[in-house]
Each structure stands twice: as C-alpha cells, then as structure tokens.
Amino acid sequence: MAKRNSTALKVALAGAGMISWYHLVAWRNAGERVRVVAVCDPDAAKASARAEEFSIPGVYADADSMFAAESVDALDVASPRETHAAWVDAAAARGVDVLCQKPMTPTLAESEALVRRTEGKVRLMVHENWRFRPWYRELQRWIAAGDLGDMVLARMAMITSGLLPDASGHRPSLERQPFMQHEAQLMIAEVLIHHLDVMRFLCGELRVVAARTARTIPDVRGETVAAIFLETSSGAPVEVTGTMAAPGYPARPPDRLEIVGSRASAVFDADGLRLLGPSPRVVQYDRDRGYQASFDGVIAHFVECLTTGAAFETGPADNLATLRLVDAAYRAASPTRR
C-alpha cells in the first residue's frame, strides 16, 4: 500500500451523535498528525455543538456540500448504519480513504457488495473497537506468547439490565442509544457482533454450530436475548451469550470472558484480567479509560497504517469474516432451521 506524505491528515467526520464524542476525543488524542476540518450531520444543532466543542471549522448538513467545500484525506463514518454505504461510496468516488463504524452496512450481502465496489479505489478500515480494549490486547499477547497453551474452551457473556427500567423509571440503554428500540436485529447485530469479533481475535477463525434468540420486551423490536455456540478450527467449543434484559444486573457491567487452555486459564471480569494456573498474575484496569482507549487505539492504528502503508487489522476482509458469523448466527437461530 502507498504511504501518505508527512503533512497532517485532514479528516472529516460523518455523524454527530452520541458515539461521535469518543471518535473526536480519539482524533484529538492522535495529536499533530491529524486535523479534523469538518463535521457533517443532517441535525444542524448536533453538528454545530460538536464543532464548537472540538474547534472544528467546517459544519455541513450533507455529503455533497461538505465534499464540494472541503479537501480531505480521510473520512470517519460514525453515522447510522443505514447511511454507511452511501458515505463510503461518496468518499471512494473522490479518492478519500475511509474509517467506517461497524457494521459496514445493515446486511452481509450489502457489505460484500460495498467491498467489491470500493476495492482498489481507496483504503477502507472498519471501526471495530472492542478488540482494541486494553484488556483484550493484553490477553492476546498472553495467548500469542503461549502462556495458556492450546485452546480448550472459551466463553464470553454480556449480561445487563440496560433495557429494563431503573429505580427512576429510565431505561439506560435506550437513553444512551434510542435507536436500539427499533432495530429489527438487536442483540447479535448491534451488541454481540463485538464479542464475536473479540473471540475471532483471541481464538482464531470460528464456525457457528448453533444459536438461539428470544424477544422478551414487547416494545423493543429486535431480539433481547441471544446465545451463539461456535467452534475453533481445532474443534474447541466457544460460547457467546448476552442479554440487556436481566433483572438485578447493573446497566453497564463489564463483559465476562473465560478461556481455558492446556497450560493455564484466563478470566476477565469486574476484578480485572487474571491468569490462573502455575504462574498467576492479575492486571487491573479503569474501565472508563479503557473504553476511550479502544477508540484511541482504532484511530491511532488507522493513521499509522495510512502513514506507513501497512495493512489494517480490521480491513474489509477481516470484518467480513465477523459479519459472516453474525449472518450465520441469525440463520442458525431461525425457527425454520430447527
């Protein structure tokens, strides 16, 4: 891949919703290598507020007006998923490299088509940040160093009460991300997609064996419970489960991850990351800092790869492998497949 020149990378941001704040903090943390010059959102108030907070000079309501007025090197897409393809196509038509929030598009077929359309035109990286959380990067280093030995069993769970009313009657997950209430595919496509990607990152390529989903909240359109059973290339069992409708659980607890190896085991939960076995160790993390660090890591990696010409860790081919797991999980969970 061709290297970028040494001048500061000029970046435009598409989308000024809740998640854009973390993107912009990460761009700011990238330092003098980058400069965010424009933000675009059909909600003028949101775009203006983000621009003011982060000293961004250009504010636009649509892609055509932004690209007509600005000369940018890269586009960061943090808009709703149904707009991703249009943004990536608009950037590719102008030779602008793209960092696109997950998922690339609402469906696997649309994502595969988008990759075919843009291949060879620009560089495209998917913003799949869960694997960039510091505890998962550290665990991957333990695995790569052979500390756990051969993979025997892995399971990961995300269990919260976020879709249930709290003591004040508010539903935290919907207050934070209102769109979740109306997504036809929720627990797997919006939430556990991250966990499937982390398991691919830690365990290698996976195959879906079986899956089950359930819709347990009447006014939430999509599934609110999901369990996915997978296996590694060597046949080791892997489990990814989740719900945001668990009474008595916190609204935003940490994931729980357990990996059993032939030499040692590893656990990540509220107590930190622990290696269990003959040479135990514990690493503690500030989860709020770790959350922002995942955005920082993605954007630093994107900038570094554009600068050096190195391959993206979460380029189109890698992300399509995760999207195929999502698609396979829904097909396996379909009543017609049972």
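Under the rule a/c < 1.5 gives rounded, and otherwise a/b versus b/c splits prolate from oblate, where does region 58-152 land using the Cα gyration tensor?
Numbers: a/c = 2.70, a/b = 2.19, b/c = 1.24.
Prolate shape, in that a/c is at least 1.5 and a/b is the bigger ratio.
Within a Cβ distance under 10 Å of L325, other residues only, what is the Lys/Arg minus Asp/Glu net charge? Kindly include the intermediate steps, with their values, before the conclusion.
Values: positive: R200, R207, R324; negative: D197, E205, D327.
Around L325, the surrounding residues sum to 0.
Give the average over all directions of the projected area of the C-alpha convex hull of region 249-323, one decimal, in nm².
Values: hull surface 30.9 nm².
If you wrap the Cα atoms of region 249-323 in a convex hull and average its projections, you get 7.7 nm².
Could you please state, rounded to a whole Å, how far the C-alpha centre of region 253-307 is from the C-alpha centre of region 134-171?
After rounding, the separation between the Cα centres reads 8 Å.
Provide the per residue accessible area, probe 1.4 Å, for region 5-94, rounded to a whole number of square angstrom. List each step's numbers first, then the result.
On the way: 4050 Å² over 90 residues.
Here the per-residue accessible area is 45 Å².
May I ask you to list the GluC sites (Glu not before Pro) in region 77-156 that are in a DSSP loop and have at most 15 other Cβ atoms within 10 Å of their Cβ? Present the calculation step by step, with values, prior to reporting the outcome.
Values: sites: E82, E110, E112, E119, E128, E138; in loops: E119, E128.
Sparse-neighbourhood loop GluC sites (Glu not before Pro): E119.
In region 179-338, what percent of the accessible surface is made up of carbon and sulfur (1.4 Å probe, ligands and nucleic acids excluded)? Kindly include the intermediate steps, with their values, before the conclusion.
Details: 3700 of 7040 Å².
Carbon plus sulfur share of accessible area: 53 percent.
Roughly what angle does helix 193-203 make with the longest principal axis of the chain, taking Cα atoms, 0 to 90 degrees, to the nearest 10?
70
Write down the Å³ per residue value for the convex hull defined by the alpha carbon atoms of region 39-96. Could the numbers behind the result be given before it?
Values: hull volume 4.6 nm³, N = 58.
It is 79 Å³ per residue.
Let me know the whole percent of all Cα-Cα pairs from region 164-252 that are separated by more than 16 Å.
Numbers: 2230 of 3916 pairs.
For region 164-252, the share of Cα pairs beyond 16 Å comes to 57 percent.
HN-Hα J couplings of region 257-273 from phi, Karplus 6.51/-1.76/1.60, θ = phi - 60°, integer Hz, Gly and Pro as x?
10, 10, 10, 9, x, 6, 10, 7, 10, 10, 9, 10, 7, 4, 8, x, 9
How compact and how long is region 3-132, expressed as Rg and Dmax of its alpha-carbon atoms in Å?
Gyration radius and largest Cα-Cα distance of region 3-132: 13.8, 38 Å.
Just add up the charged neighbours of A109: K/R +1, D/E -1, any other residue whose Cβ is under 15 Å from the Cβ of A109. The partial results should precede the final answer.
Details: positive: R81, R116, R117, R324, R331; negative: E82, E110, E112, D327.
Its environment carries a net charge of +1.
Taking H as built 1.01 Å from N, whose amide H comes closer than 5 Å to the amide H of H127, not counting residues under 5 places away?
Residues meeting the criterion, in which the H sits 1.01 Å from N, are C100, Q101, K102.
Using θ = phi - 60° and the Karplus relation 6.51 cos²θ - 1.76 cosθ + 1.60, list the HN-Hα couplings for region 318-333 in order, rounded to whole Hz, with x at every Gly or Pro.
So the Karplus estimates, Gly and Pro as x, are 5, 5, 4, 5, 5, 4, 5, 5, 4, 4, 5, 5, 5, 5, 5, 7 Hz.
Net charge near G15: determine it from the other residues with C-beta under 14 Å of the C-beta of G15, scoring Lys and Arg +1 and Asp and Glu -1. Each step should come with its number before you reach the end.
Numbers: positive: K46, R50, R81, K102; negative: D41, D43, D62, D76, E82.
That sum, taken over residues with Cβ under 14 Å, equals -1.
DSSP loop trypsin sites (Lys or Arg not before Pro) in region 1-101 with at most 12 other Cβ atoms within 10 Å of their Cβ, which ones?
Details: sites: K3, R4, K10, R28, R33, R35, K46, R50, R81, R94; in loops: K3, R4, R94.
Those that pass, being in a loop and sparsely packed, are K3.
Considering the convex hull of the alpha carbon atoms of region 102-179, report its projected area averaged over all viewing directions, in nm², one decimal.
Numbers: hull surface 36.7 nm².
Over all viewing directions, region 102-179 projects a mean Cα-hull area of 9.2 nm².
Given H placed 1.01 Å from N in the peptide plane, which residues other than close sequence neighbours of E223 have an amide H under 5 Å from its amide H?
Distant-sequence amide H within range of E223: L186, M187.
Taking H as built 1.01 Å from N, whose amide H comes closer than 5 Å to the amide H of G261, not counting residues under 5 places away?
The list, which skips near neighbours in sequence, is V152, A266.
Can you give me the % of accessible surface on region 1-107 that is carbon or sulfur? Probe 1.4 Å, all protein chains present, nothing else counted. Numbers along the way, then the final one.
Numbers: 2460 of 4760 Å².
Reported share for carbon and sulfur atoms: 52 percent.
Please give me, ordered by residue number, the GluC sites (Glu not before Pro) of region 200-285 that lie in loop per DSSP and have at most 16 other Cβ atoms within 10 Å.
Working: sites: E205, E223, E231, E239, E258; in loops: E205, E223.
When the GluC sites (Glu not before Pro) of region 200-285 are filtered for loop state and at most 16 Cβ neighbours within 10 Å, E205 remain.
The values are calculated or read from the model by the stated rules, or taken from the named source; none is laboratory data. In this text, all values refer to a predicted model and were calculated from it rather than measured experimentally. FYI the Cβ positions are ideal-geometry reconstructions off the backbone, even for glycines, and counts take in every protein chain you see. Heads up: the accessible areas ignore ligands, DNA and RNA and are worked out on the full protein's heavy atoms, side chains in. Shrake-Rupley method; radii C 1.70, N 1.55, O 1.52, S 1.80 Å.
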